[in-house]
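Q: Sharing a structure below in structure tokens format, with a few things to ask.
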Amino acid sequence: MNKFKLIIIGLALCGCSLFAQKQKVKNQPYGDYKLYHFGISIGLNVQDMNIVNSGFTGENGETWFATLPEYSPGFTVSLISDLYLNPFMNLRFTPSLSFGEKNFVFVESATKEQFTTGVRSNYLMAPLDLKIRSMRLNNYRPYVLTGVYAATDLGIKKDEPILLKQMNYGITLGLGCDFYLPIIKIAPEIRFCFGLNNIIEKDRSDLTDNTLAKYSNAVAKGFSRMVILTFNFE
């Protein structure tokens, strides 16, 4: 009987402890219920591309294949505008600038000769996302994002081995977690952007050196990919 009493007392103490944790004072308890609010975000990005090689063979019998074997980190800065929809959903518009580079390596199938070139892409992006949030637990709240984006490339340089189209659009998926501080909310967030249109420019009338045309001919299609890791301040 004494052991039973000790167990009951122990469970009661544990319950009190858990209850005390649930009653932790919340920072900005009504911050999520504003009709709209604004913020900024800064972070890093990595640009990639899903390449479809054409298998094109030139007049001299060369067949080149393109890959992106390594990535160069870039920089992203965004503005945040957030519209409250309901306790678990917000609509977000986050125009951003993403500076980065794609490093192409072309390999000739027979000789294994390699040619490397970099393509800078400075995207002005306009994502529109639905932010779906979980229940708030004390001073943090996980969420997921899904949406669409349109982008224009401000860094296009002509007369290069590879030329990308200026306009790009696609879908976004992401996740993050809001951390509530006394006067500001900070959220680490990772976002995946998947382009839906072919951004390889096949009309190469801009080339002054026609020997570079074989590299454009080697790529049939290319679909942009980007991973963005940011810290949001709202």
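Q: What's the number of the only condition in (1) modelled with pLDDT of 95 or more; (2) under 28 Å from Val105 (Cβ atoms); (3) in contact with a Lys or Arg (Cβ under 8 Å, 6 or more places away or on another chain) that Glu201 fails to meet?
A: (1)
Q: Just for region 73-113: of the residues that are over 15 Å from the mean Cα position of the chain (by Cα) and of a type in the set (Gly, Ala, Ser), which one is farthest from Ser134 (Cα to Cα)?
A: Once the filter is applied, the top-ranked residue is Ala110.
Q: Ok, one more. Hey, among Arg141, Arg136, which residue is closer than 30 Å to Asp32 by Cβ, surrounded by 15 or more Cβ atoms within 10 Å (Cβ to Cβ) and modelled with pLDDT of 95 or more?
A: Arg141
Q: Related question: I need a count of the residues in region 165-179 that are within 18 Å of Val219 (Cα to Cα) and buried (at least 21 other Cβ atoms within 10 Å of the Cβ).
A: Adding up the residues that qualify gives 1.
Q: Working only within region 179-234, note down all residues that are farther than 30 Å from Gly61 by Cβ and charged (D, E, K, R).
A: Lys185, Glu189, Arg191, Arg225, Glu234 - these are the residues of region 179-234 that are farther than 30 Å from Gly61 by Cβ and charged (D, E, K, R).
Q: Give the number of residues within region 206-225 that are in contact with an Asp or Glu (Cβ under 7 Å, 6 or more places away or on another chain) and assigned to a strand (DSSP E or B).
A: 1
Q: Applying the selection to region 192-219, what residues are surrounded by fewer than 19 Cβ atoms within 10 Å (Cβ to Cβ) and within 23 Å of Ala126 (Cβ to Cβ)?
A: Phe192, Phe194, Leu196, Asn197, Asn198, Glu201
Q: With Gly43, Gly74, Gly58 as the choices, which residue is surrounded by 13 or more Cβ atoms within 10 Å (Cβ to Cβ) and in contact with a helix residue (DSSP H, G or I) (Cβ under 9 Å, 6 or more places away or on another chain)?
A: Gly58
Q: Given the criterion at pLDDT 95 or above, within 30 Å of Pro29 (Cα to Cα) and among the hydroxyl-bearing types (Ser, Thr, Tyr), identify the matching residue among Tyr169, Tyr149, Tyr180, Tyr123.
A: Tyr180
Here is a yes/no grid of residues against (1) farther than 25 Å from Lys221 by Cβ; (2) surrounded by fewer than 12 Cβ atoms within 10 Å (Cβ to Cβ); (3) in contact (Cβ under 8 Å) with a residue 24 or more places away in the chain; (4) of a type in the set (Val, Ile, Thr):
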{"position": "Ile80", "(1), (2), (3), (4)": "yes, no, yes, yes"}
{"position": "Tyr84", "(1), (2), (3), (4)": "yes, no, yes, no"}
{"position": "Pro95", "(1), (2), (3), (4)": "yes, no, yes, no"}
{"position": "Ser98", "(1), (2), (3), (4)": "no, no, yes, no"}
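Q: Would you confirm, using the coordinates I've provided, whether Glu189 is buried (at least 16 other Cβ atoms within 10 Å of the Cβ), of a type in the set (Asp, Glu) and free of Cβ contacts under 8 Å to residues at least 60 places away in the same chain?
A: no
The values are calculated or read from the model by the stated rules, or taken from the named source; none is laboratory data. The structure presented is a predicted model; accordingly, all values stated were derived computationally and were not measured. In this analysis, Cβ positions are derived from the backbone assuming ideal geometry, glycine residues included, and neighbour counts consider all displayed protein chains.
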